[in-house]
Amino acid sequence: MIYLILGRTASGKSMLGDLLEKEGINHIISKTTRKKRNDDDNHIFVNEKTYEDDKKNILVETTIDDNQYYITKDMLVDNSFYIIDPESAKTLIEKTPDISYYIFYVSANHEEIRKGRYLYRDKNATEDEFTKRDDSENELFKTFEKDIANDVVYNKFKANLLKINVLNNSTNDKKRLEVFAKEIKRLDTQFKRVRSLVNIIIDENMVVSSDRKIKITLDDNENTPYDIYKSVDEVSFLAM
């Protein structure tokens with residue numbers, strides 16, 4: 001299971017990521033061609049040559065302020081989280097149908113609070129820079145929020161996107177993010193426990209499975225049985 005963390009600029013998603021690391025959940029860190037800021041350890045900083053060498057193996061890539069942010073498939077680690085934008089999340093899920101994902105969207109639409117966070121974390125930043133960054137992603141997140149409301153994302157990615165959870169962080173309260181991190185940790189622990197039990201059931205041939213997928217027999221509206229196949233992650237999530 002990989003947890004995708006989404007949110008607008010200065011929504012609190014990076015702080016949530018730091019708290020998740022303290023809870024023992026691994027962080028998948030993007031590579032980037034931008035210059036390092038202060039004590040910024042949230043990216044792997046690379047030069048243009050490394051970027052060119054990585055190009056053929058890139059899964060998702062985003063350009064922000066003329067800098068590249070990207071990951072390759074070998075960087076994906078099970079039971080980890082990754083901070084990502086909505087379009088890149090869709091691309092990642094499409095390109096890796098063998099991996100299960102759970103999205104946490106850090107919703108923080110209060111612009112003044114986010115602007116304050118943005119200027120606080122980078123003393124050299126300006127209000128114009130925040131506005132430019134915020135405007136560049138505004139349409140992207142408006143579309144994503146609409147997709148969530150209409151379940152469009154679920155319908156398109158139901159094969160390996162298990163759920164989207166909206167975390168309301170419209171205040172400037174770190175304690176709220178700490179609660180979110182502990183809830184995600186509890187979910188992760190419970191998920192791994194159930195998945196372990198499901199794996200034991202499969203290994204003991206207690207259910208019929210095909211390509212590590214479990215066959216589940218259901219009845220339609222006319223009580224006619226039919227079979228569906230679910231991955232271990234999907235069955236684990238449904239059992240929680």
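Remarks
- Lys, Arg +1 and Asp, Glu -1 on Cβ, resulting dipole of the chain about Cα centre, debye, nearest 20: 580
- Whole-percent carbon and sulfur share, accessible surface of segment 68-169, 1.4 Å: 48
- The helix-only estimate of mean residue ellipticity at 222 nm for the chain, built from DSSP H runs of length n ≥ 4 each weighted as -39500 (n - 2.57), is -13500 deg cm²/dmol after division by the residue total.
- Computed over the chain, the percent of Cα pairs more than 34 Å apart is 21.
- Accessible surface, per residue, of segment 34-143 when the full set of protein chains is kept, probe 1.4 Å, Å²: 58
- For segment 1-52, the fraction of 1.4 Å probe accessible surface lying on carbon and sulfur atoms is 45 percent.
- Evaluated at q = 0.13 Å⁻¹: base-10 log I(q)/I(0), Debye formula over Cα of segment 1-112: -0.49
- The chain: DSSP helices with Cα axial extent of at least 24 Å and average Kyte-Doolittle hydropathy no lower than 1.6: none
- Taking every lysine pair in segment 86-169 that is 8 or more places apart or spans two chains, those with Cα atoms closer than 26 Å amount to 24.
- Only the Cβ atoms of Lys and Arg (+1) and of Asp and Glu (-1) were treated as charged; on that basis the dipole of segment 1-130 about its Cα centre amounts to roughly 100 debye.
The values are calculated or read from the model by the stated rules, or taken from the named source; none is laboratory data. Since the model is a prediction, treat every value here as computed from it, not as a measurement. Backbone-built Cβ (ideal geometry, glycine too); neighbour counts: all protein chains shown. These accessible areas exclude ligands, DNA and RNA; they are computed on the full protein's heavy atoms, side chains included. Shrake-Rupley method; radii C 1.70, N 1.55, O 1.52, S 1.80 Å.
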